[in-house]
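Report on the following structure.
Here, each number is a calculation from the coordinates, and none is a lab measurement. Predicted, not measured: the structure shown is a model, and the values here were computed from it. Counting neighbours? That spans all protein chains shown, and the Cβs are built from the backbone with ideal geometry, glycine included.
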Amino acid sequence: MAITRSDVAKVASLARLELSNVELDTMTRDLQGIVGFISSLDELDTSGVEPLAHPLGTQNVFREDIPTDSLSLSEALQSAPRHDGKYFLVPAVLGETGSA
Amino acid sequence: MMMAAASQPTTSATTDVLPYTIVIGLEVHVQLLTRTKLFCGCSTAFGAAPNTQTCPVCLGLPGSLPVMNHEAFILAVRAAKALSCRIAEFTKWDRKHYFYPDLPKGYQISQFDLPFSSDGKLLVCDSKGRFAPRTVGIVRVHLEEDAGKSIHDESTGCADSRIDLNRTGVPLMEIVTQPDLRSPQEARAWLNELKLLLVYLKVSDCNMQEGSLRVDANINLHIPLPDGRIAKTPIVEIKNVNSFRSVERALLYEASRQWDEFNHTHAEIGSSPKQTRGWDDPAGVTRAQRHKEESSDYRYFPEPDLVPVTVSETELSLMTSAQGETPALLRSRLESQWSISAYDADVLVNQGIAFVGYFERLATILSDGKSASNWMQQDVMRMLNENTVAIESFPVRAEGLAALIAQVSSGAFDTSRARDIFSEMVKTGRSAAEVAASMGIADVGDDELMSLCRELVACNPKIVADVKGGKEQAAAGLLGQAKKKNPNVNPGKVRQLCLELIRAM
Ligand SMILES: [Zn+2]
């Protein structure tokens, strides 16, 4: 599978990464190398092999629905670049909602 | 596809007259009734001070690890089962990536290719017969975490948005329907039925004001063209709808907007990416929002921090054994067990499980479903509305109301007197007998009643003559006089007694 410059540009924009033209070229070459390396796995016949959902064999790990202590307000806010003592503050985002 | 669209019966009264078929599918997010969040022990209680219900897991701090809430999974399975879904034997979680300040991790833990359930259905009937019964297919139900809340206050002129992460990680169940609904009215009714089901099963409180139930609606039009082809307008997803009434209004607006747009542009599905429009409730219009990201843009991949879940048949029956009666089953049981009409059963069931409980206690004591149903629908509902009180805290118990109704049946009070007594019982919390005594309402003894009637007959020769002449309705004149002499007399009894006396003359 060939990785194109526009593939890299799209992935970069989805990840909110700003890449210079030089970086785009480097990234395209590097990613092509990585994907090429991995693609040697394509030579294996995996028909009849269940897709792996998780590397651990464990399943059904649950906890009971019992409340535990939350952080205090000041603890919760302390690592934020900006807050007003109650809320995290971020540059204004208007009119649109996130997708749930 | 064309055949399928053309053969869709246009059962709704509203679509019969329209030059197009409205096609609607819904996406409903429901908050599960758990005490704690989906992946951490933070409380889900509504209304706490901002950012006081967070921890390293739901803040997305490095090094923290999510652990699945068992109760959330059980509730979700219970709901999916009641929606006739197939429960997957093997299910896993995935990361859905997007950037928004209220999503601290930069991804939402959701389910992509292996949701825990799929292929369900839910029937909606309209007891008023405004549309034919409609079975709506359910594509899938999956479990995911909620995001936080962003507050943009433009009025303060503040350049910042404020973020509250109390909601972050709250367990949500997403229900995606097939595009099976054919009118805004059906969509609203179906949502009501879904909400009723989830509340009956105690899966969610479905409180829309508190964000426990949120609806996105997908809509487009299938328009038969003169050449026999069916044109399909581009699908629009409507967001920000805060009540079921608004869902209906937004869909009505959007259908006519799409019809107008089609007549101008003749644009069909596929000519543009799926559009998202927000519902502006005060203005009563939908407005275009950003274009929706393609699912590949979310860069889903399996969540490495959560192990998959398997569900055996035994576990499944254990999870759903505690499940209560669904509204649909309850309606048909009430109908047959208490000999009431389908319409009456519908009205009772729509009032909620506690209301039905009260009805059944009342009907059991009275051994009369019809009478209990009438009192519930007229007097009890009126009292609940007038006093804005819930049936759970209604001051008159079923036993107390039954005692009053029994006295009406025995002829001690007429219905209008009984209503006065009932109002007073609700106000004071006292029994029918106590209220009757305090209001000076007493059962008039047979001797007293007889002497009153003798007096009336003796003093009204004209009425007596009229009645004897065949005009029985003339006896009504005696009732007013009887009430004046003694307000406690039962007019029915007075009438009967006076007629007997006159006939014997
Ligand atoms: Zn937490």
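Across peptide B:48-54, what mean number of C-beta atoms from other chains lies inside 10 Å of a residue's C-beta?
Averaged over the peptide's residues, the number is 6.
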Query raised in the report: Rg and Dmax of the stretch B:446-503 over Cα atoms: what are they, in angstrom?
Result: 10.2, 30
Report summary line: Within the protein assembly as shown, the percent of DSSP beta bridges that are antiparallel, given to the nearest 5, stands at 90 percent
Query raised in the report: What nm distance separates the two modelled labels at B:S84 and B:S341, each placed 7 Å from Cα along Cα→Cβ?
Result: 2.7 nm
Query raised in the report: When the label point is put 7 Å from the Cα of B:V389 along its Cα-to-beta-carbon vector, which residues of the stretch B:401-434 have a backbone N closer than 19 Å?
Result: B:401-405, B:418-434
Query raised in the report: If you take the alpha carbon radius of gyration of the stretch B:210-272 and divide it by 2.2 N^0.38 Å, what ratio comes out, to two decimals?
Result: 1.30
Report summary line: Here FRET efficiency (C-beta to C-beta, B:Q473 to B:T415, R₀ 30 Å, nearest 0.05) is 0.90
Report summary line: So, with points 7 Å from each Cα along the Cβ direction, the B:D113-A:D25 label distance in nm works out to 3.6 nm
Report summary line: Quick P(r) readout (the protein assembly as shown; Cα-Cα; 10 Å bins; whole %) gives 3, 12, 18, 20, 17, 11, 7, 6, 3, 1, 1, 0
Report summary line: Counting Lys and Arg as +1 and Asp and Glu as -1 over every other residue whose Cβ sits under 10 Å from the Cβ of B:R277, the net charge comes to 0
Report summary line: A student applying the Cα gyration tensor rule (rounded when a/c is under 1.5; otherwise prolate if a/b is larger than b/c, oblate if not) would label the stretch B:205-357 oblate
Query - Stretchable slack from B:D447 to B:Q481, in nm (0.36 nm times residue separation minus alpha-carbon distance) - result: 10.4 nm
Report summary line: In whole Å, largest first, the alpha carbons of the stretch A:12-88 cover along the principal axes 55, 44, 14
Query raised in the report: How many Cβ atoms of partner chains, on average, are near each residue of A:68-78 if near means within 10 Å of its Cβ?
Result: 6
**Report entry** Other-chain or far-sequence residues with amide H under 5 Å of B:C42's (modelled H)
**Finding:** A:T68, B:K37
Requested in this report: Quick one: pull the percentage of alpha-carbon pairs in the stretch B:36-88 with a separation above 14 Å.
Outcome: 61 percent
Report task. Please tell me the relative contact order of the stretch B:446-503 in percent, rounded to the nearest whole number, where contacts are Cα pairs under 8 Å and at least six residues apart. Result -> 42 percent
Query raised in the report: Given 25 °C and 0.890 mPa s, how large is the Stokes-Einstein diffusion coefficient of the stretch B:327-438 in µm²/s, with Rh as the Kirkwood radius over Cα pairs?
Result: 174 µm²/s
Report task. Could you list the residues of the stretch B:31-68 with an amide nitrogen less than 18 Å from a label point located 7 Å from the Cα of B:I151 in the Cα-to-C-beta direction? Result -> B:45-54
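Out of all DSSP beta bridges with both ends in the stretch B:21-313, state the antiparallel percent to the nearest 5.
Antiparallel bridges make up about 95 percent of those DSSP assigns within the stretch B:21-313.
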Query raised in the report: What is the mean number of Cβ atoms from other protein chains located within 10 Å of the Cβ atom of each residue in peptide B:84-93, rounded to a whole number?
Result: 1
Query raised in the report: In the stretch B:21-313, what is the volume of the convex hull around the alpha carbon atoms, normalised per residue and reported in Å³?
Result: 159 Å³
Query raised in the report: Rounded to the nearest 0.05, what FRET efficiency do B:I269 and B:M381 have when you use their Cβ-Cβ distance and R0 = 56 Å?
Result: 0.75
Query raised in the report: Rg and Dmax of the stretch B:276-377, using alpha carbons, in Å: what are they?
Result: 23.7, 63
Query raised in the report: Hey, got the Cα dimensions of chain B along the principal axes, in Å, largest first?
Result: 97, 61, 57
Query raised in the report: What FRET efficiency would be calculated for the residue pair A:S74, B:A45, taking the C-beta separation as r and a Förster radius of 22 Å, to the nearest 0.05?
Result: 0.60
Query raised in the report: So how far apart, in nm, are the two label points at A:D84 and B:D305 if each is 7 Å from Cα heading toward Cβ?
Result: 2.9 nm
**Report entry** Amide hydrogen neighbours beyond the local backbone of B:A88, cut-off 5 Å, H modeled
**Finding:** B:S117, B:S118
**Report entry** Taking the stretch B:346-505 and dividing mean pair separation by its residue count, relative contact order in percent (alpha carbons under 8 Å, at least six apart)
**Finding:** 17 percent
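Can you order the peptides B:476-487, B:345-356 by their average number of other Cβ atoms within 10 Å per residue, highest first?
Values: B:476-487: 14.2, B:345-356: 20.2.
So the order, starting with the most tightly packed, is B:345-356, B:476-487.
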